[in-house]
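Structure first, then comments.
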């Protein structure tokens with residue numbers, strides 16, 4: 001998700017903005033979908049993007065390019 005303005009950002013446990021994750025993924029210092037795998041998250045994001053009007057192949061390319069780079073998935 002493009003995060004352009006403060007309302008787009010997730011929130012830390014102290015209520016401050018978290019500029020690494022969006023409001024749909026990260027709220028109050030926790031991921032909203034704890035326990036999901038990277039592969040499941042990619043599929044979930046593709047479905048959401050398609051519902052929002054994006055082409056499935058474009059959504060897949062974007063999700064596969066961006067999501068694995070997030071610190072959440074670093075091992």
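What to note about this one:
- Count of residues meeting criterion [assigned to a strand (DSSP E or B) and either over 18 Å from residue 1 (Cβ atoms) or under 10 Å from the mean Cα position of the chain (by Cα) (or both)] in segment 12-41: 5
- Test: residue 66 is under 11 Å from the mean Cα position of the chain (by Cα), modelled with pLDDT of 95 or more, at negative phi and outside any loop (DSSP other than H, G, I, E, B): no
- The set of residues in segment 44-59 that are loosely packed, with under 13 Cβ neighbours inside 10 Å and either more than 25 Å from residue 5 (Cα to Cα) or under 12 Å from the mean Cα position of the chain (by Cα) (or both) comprises 56, 57.
The values are calculated or read from the model by the stated rules, or taken from the named source; none is laboratory data. Everything numeric in this text was worked out from a predicted model, so none of it was measured. In this analysis, Cβ positions are derived from the backbone assuming ideal geometry, glycine residues included, and neighbour counts consider all displayed protein chains.
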